[in-house]
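This report refers to the structure that appears directly beneath it.
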Amino acid sequence: MNPYELTIAEATKQLAAGSLSSRELTQSCLERIEAVDIKVKAFLVVNAEQALLQADEADKILACGEAKPLCGIPLSLKDLLCTKGVVTTCGSRMLENFIPPYDATVVEKLKGQGAVLLGKVAMDEFAMGSTSESCAFRVPENPWKLGFVSGGSSGGSAASVAALECPASLGSDTGGSIRQPASLCGIVGMKPTYGLVSRYGLVAFASSLDQIGPLTRDVTDCALMMNAISGYDAKDSTSVRQETPDFTASIIEGVQGMRVGVPREYFGEGLDPEVKAVVTHGIEVLRDAGAEIVEVSLPRTDYCVAVYYLIATAEASSNLARYDGVSYGFRDQEVHSLMEMYKETRSHGFGAEVKRRILIGTYALSAGYYDAYYKKASQVRTLILNDFNRAFEQCDVLISPVVPTPAWKIGEKADNPLAMYLSDVLTISANLAGIPGISVPGGFSRDGLPIGIQLQGAHFREDSLFKVAYNLERGLKLLPQRPGIT
Amino acid sequence: MKITKEEVEKVAHLARLHLSAEELETMTTQLDTILSYVAKLDELDTTGVQAMTHAFSESNAFREDKVTDSLAREDALANGPCQNGEAFVVPRVI
Amino acid sequence: MKFETVIGLEIHAQLKTESKIFCGCSTKFGAPPNSHTCPVCLGLPGSLPVLNKKVVEFAIKMGLATGSDINRINQFARKNYFYPDLPKGYQTSQFDLPIVEHGEVEIEVDGKKRVIGITRMHMEEDAGKLIHDDREPVSYVDLNRTGTPLLEIVSEPDIRSPEEAAAYLRKIHAILRYLDICDGNMQEGSFRCDANISLRPVGQEKLGTRTELKNMNSFRNVQSALEYEVRRQRDILMEGGTIVQETLLWNPDRNCTESMRSKDDAHDYRYFPCPDLVPVRIDDAWIEEIRATLPELPEARKLRFIQEYELPEHDASLLTNSRELADYFETAAKACNQPKKVSNWMMTELMRELKGEELSTCKVGAEQLGSLVNMVETGTISGKIAKTVFLEMMASGKGPETVVEEQNLGQVSNESELLTIVRRIIADNPGQVTDFKGGKTKLMSYFVGQLMQKTKGQANPALANKLFTQELAG
């Protein structure tokens, strides 16, 4: 087995035993990237030299026997995580040459563990999108079927992990941007409870919805990553001041007595029958493992997309106002006045989807429309939260599809923004409510495209989530996953 | 019609975006479709319902009044598209 | 047609914290451009704000000092607009839920007392500075000042004249200085004022169209600008014209208001609650903790001066106008136990010699003034000489004892010493002696004058009188 095929857990064992060095592991990943990334197109920048230096440092620490869990493990980072001294583009021309003078807190934590940062991966521009097609530089392709989308906005993260270029990646999820690409690429992807992982250094899209999370090959690795990145950060006012548990403690067998809720609204029309079949099978697997299956209702599911596309766009319109060409980022230099500078900079620096969302958001907050749009959406958001709270009185976790369909061809849905937005319906509500969600590989379509299964849990109940996810993964017996790409 | 071309132009100006005639056409149609869709929220009665701003009810996230290191000036200016070593330079504000 | 002036004032006070409102950068004034910045106040992608607790404390203090309600739950909001000195493209401020509401202060103009309401106070961050190049069509952006904490204080439109406006400003300024939460320096920009002014026919309830006045950077300018604007608006209304709602800048060189180049549209700030900042919850315990740290405020201090030092209200009022002045007075008064005399000295000699400068620049310390007054009381020097001594103290910073000694200004009260000179004068002026003895008692002042001459003004006048009377008798 090539080192690049190892999971974090497997690699850690070998690194600790000394039968594998971080340099060998990193080299293996870099070679894999060189071999396949020309087809997968996940990476925007590969920091080979720096990565090998980090690997050598890690090897020194490993030799002393004081290594932290992620020591020497190579990872990719979605390009909206600020990395000091390394260009951070957010997939946009606006930040094509932006070099942050500081590291995001999660990046600091990874460096603190001795992890190896291979490079930055492609994403939808400013995290707005479900296919990564709006990336200004390159569009990552699904390693299971080239020419098909890898999902978005963390498409590069998912593709890099699915293509075995690295064992794990950090992405971000505002309306499903980790879970959806994970599902489309056949890997694990998790959005933690809001506030569990510091947002300091995460370039903001929608502040009350954004969360950083891991994309990995299996549930165990996901728990390991969560241990490394979670925890209170004084630099993030929305960070929760709570002790974070050892998430790997939940990677244990046995779901007897656990109640798994099936929200009926998630299985409506528009759901691809193959997707439905995969999820149904997953439910059976859990039932056989001893879980109690209950039917629940999330009555306001139908309104989630509307709420999301008012709140997220409103927050985004404000968060992206800083891209004005004054003190960083792109500036259109052929201008004769300040107003021209603003307008030309922002019109040339941003792509169409970003502009569209800024317009919607600006409108939703504008005088005369605030109450009808933004305020109304914020109120319905409370109702949606209430739905979840009520559901979690009847069950420990919810099970559902992640995306209504398997991956589609690149370019297929480009012209219909609303249709694209509607495909987020199954993942969006978790962000609105702030609850955690995880996508686990569930099976494949006839065409060989991955289909994921989503589990959602109550606030700060990642323990239940991990337990059920682990047992589902065991029961499905799908691992290891190897797309045929070479 | 949920939104007219004129309104889109006004909003674009507020957001400091410049739309070509073509973009204005497309955006107006798309925004109209989207705004018509989100109007479904009117189906719900939200009288007396709290607006949700934060995902949970934390409060009082404070820091002490202590001075910490600032960035070195060259680092603060480093990403500036137009700067003179001291300040960022912009077209004159009238 | 008689018109009533309606004025509302908006004050922005920079709070005297060490670090900025949302990050740890220093707030020190005068640093080289862009040297006190960090990812947060630069608004770099990915940065997040964290609230400085002291800002909240200062706001609560000001609320308590003005008898306001402290809102137990308050929230920050984003005020969205584009300007080069605003790196995030929004200013973090407070909108729906400000920290303080419904306060008031008492002012006095021409002996008349009035209560001016304070609508609200809220916390917000300051923007950066723009400097315009004289020749090139460019401006320079210095972001040091972004993130400096501000307290915005909005008055009710209760003010009825430019004099009242100045009095209100001075009162708020005094309180801020008493609390020591703001430097109150209008020239440096730590205390700024904008005004809204409109006129309406006396008796009408509906407010007239108002104009907004900006760029007034001294108390005097505020009053002048408002006086000018009252006249301008009245002239227009008298001719049956209408007031255009606009923003005007006060031009101190030309002593008039000028319209700002019309901004295309009224700002739509699209306020919404800032998702990066969680609510501020203030409980009774915290409020009481802060209340216990409040210093004696101007009103209370004035009353105490009247009672404890038996000063007339006029004196007490002037002396408590600023905390520095009041502190100075008390120190000086305690040093010599002559409060009324100290008050007189301060209101006349000291104020005159300061010539409008800050008290902090005065070379005469409070204790030294006290000593000086004491020296007059004990007869060490005469009152007249004391004035000379004071001038020297102001110029050199030397203490009264030093000055008197160096210049040999001590009042001569040695009887035998004076007696010698008295006898000599009597001997030298036989004519005047005869006239005096003959009934021209007014000549006493001539004799005392002679003594003063011969002693360079240092003879104790009472003693001089006594000795001459004694020697000329019989």
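Bear in mind these aren't lab numbers, they're just calculated from the coordinates by the rules spelled out. None of these values were measured; they are calculated from a predicted model. Cβ coordinates were reconstructed from backbone atoms using ideal geometry, including for glycine residues, and neighbour counts include every protein chain displayed.
In summary, the lysines within cross-link reach of residue C:302, defined as a Cα separation below 18 angstrom excluding same-chain residues under 8 places away, comprise C:112, C:113, C:171, C:334, C:340, C:341.
Taking the Cα centre of the range C:415-473 as origin and assigning +1 to Lys and Arg Cβ atoms and -1 to Asp and Glu Cβ atoms, the resulting dipole is close to 120 debye.
All alpha carbon pair distances within the range C:415-473 were sorted into 5 Å bins beginning at 0; the resulting P(r) in whole percents reads 4, 20, 38, 25, 11, 2. Mean per-residue shielding of peptide C:137-150 is 4, counting Cβ atoms of other chains within 10 Å of each Cβ. Note on A:413-420: average number of Cβ atoms from other chains within 10 Å of each residue's Cβ is 2. Here the spin labels are modelled as points 7 Å beyond Cα on the Cα-Cβ line, and at residue C:367 and residue C:285 they lie 4.2 nm apart. Comparing A:239, A:17, A:380 along the charge dipole axis of chain A, the residue lying farthest to the positive side is A:380, per the Cβ-charge model. Could you tell me which residue out of C:66, C:26, C:9 lies farthest along the dipole of the range C:1-86 toward its positive end? Charges go on the beta carbon: Lys and Arg +1, Asp and Glu -1, centred on the Cα centre. Towards the positive end, the residue furthest out is C:26. Computed extension length for residue C:441-residue C:313: 42.0 nm, one decimal, from 0.36 nm per residue of separation with the Cα-Cα distance subtracted. If a spin label sat at a point 7 angstrom from the Cα of residue C:324 along the line to its beta carbon, the backbone N atoms of the range C:347-361 nearer than 11 Å would be those of C:356-361.
Modelled spin labels at residue C:218 and residue A:31, positioned 7 Å past Cα toward Cβ, are 7.9 nm from each other. The modelled label-to-label distance between residue A:276 and residue C:334, using points 7 Å beyond Cα along the C-beta direction, is 8.7 nm.
Of the residues A:172, C:259, the one with the fewest other Cβ atoms within 10 Å heads the list, and the complete ranking is C:259, A:172. Can you tell me the relative contact order of chain A? Whole percent, Cα pairs under 8 Å, sequence separation 6 or more. Answer for chain A is 17 percent. In chain A, the DSSP-assigned H stretches of four residues or longer account for a calculated mean residue ellipticity at 222 nm of -12000 deg cm²/dmol, using -39500 (n - 2.57) per stretch and the full residue count as denominator. Annotation: extensible slack from residue A:389 through residue A:474 equals 27.8 nm (criterion: 0.36 nm per residue apart, minus Cα-Cα distance). Between the C-alpha center of the range C:36-61 and that of the range B:1-70 there is a gap of 25 Å.
So if I place +1 on the C-beta of Lys and Arg and -1 on the C-beta of Asp and Glu, and nothing else carries charge, what would the dipole magnitude of the protein assembly as shown be about its Cα centre? I want it in debye, nearest 20.
Charge dipole of the protein assembly as shown: 1760 debye, to the nearest 20.
If R0 is taken as 25 Å, the Cβ-Cβ distance between residue A:53 and residue A:243 corresponds to a FRET efficiency of 0.15.
In the protein assembly as shown, taking the dipole from charged Cβ atoms about the Cα centre, the farthest positive-side position among A:69, C:314, A:83 is held by C:314.
Exposure proxy for C:229, B:43: other Cβ atoms within 10 Å of each Cβ, ordered fewest to most, give B:43, C:229. Look at the stretch B:1-14: the mean tally of other chain Cβ atoms within 10 Å of its residues' Cβ atoms is 4.
As an exercise, use a Förster radius of 25 Å and the Cβ-Cβ distance of residue B:36 and residue B:13 to find the FRET efficiency, rounded to the nearest 0.05. Computed FRET efficiency for residue B:36 and residue B:13 comes out at 0.65. FRET efficiency for the pair residue C:134 and residue C:394, taken as 1/(1 + (r/R0)^6) with r the Cβ-Cβ distance and R0 = 30 Å, rounds to 0.15.
By the count of other C-beta atoms within 10 Å, a proxy for reagent exposure, C:271, A:194 are ordered fewest to most as C:271, A:194. A simple charge model with +1 on the Cβ of Lys and Arg, -1 on the Cβ of Asp and Glu and nothing else charged puts the dipole of chain A at about 420 debye relative to its Cα centre. Distance from the C-alpha centroid of the range C:391-468 to that of the range C:300-362: 32 Å, rounded to the whole angstrom.
In this structure, the pairs whose alpha-carbon distance is over 24 Å, taken from A:84/A:235; C:16/C:398; A:39/A:109; A:191/A:276; A:78/A:409, are C:16/C:398; A:39/A:109. For the range A:19-78 versus the range A:374-414, the inter-centroid distance based on Cα atoms is 36 Å.
When a/c is below 1.5 the answer is rounded, else prolate if a/b is larger than b/c, else oblate, so apply that to the protein assembly as shown with a ≥ b ≥ c taken from the square roots of the Cα gyration tensor eigenvalues.
prolate
Which lysines have a Cα lying under 20 Å from the Cα of residue C:456, excluding residues fewer than 8 positions away in the same chain? Cα-Cα hits under 20 Å: C:384, C:387, C:466. Here residue B:2 is the anchor, and the lysines within straight C-alpha reach of less than 22 Å, apart from those fewer than 8 places off in the same chain, are A:355, A:375, A:376, B:10, B:40.
Estimated from helices alone, the mean residue ellipticity of chain B at 222 nm is -10500 deg cm²/dmol (sum of -39500 (n - 2.57) over DSSP H runs with n ≥ 4, per residue).
If packing is taken as the mean number of other Cβ atoms within 10 Å per residue, what is the order of C:121-127, A:90-96, highest first?
A:90-96, C:121-127
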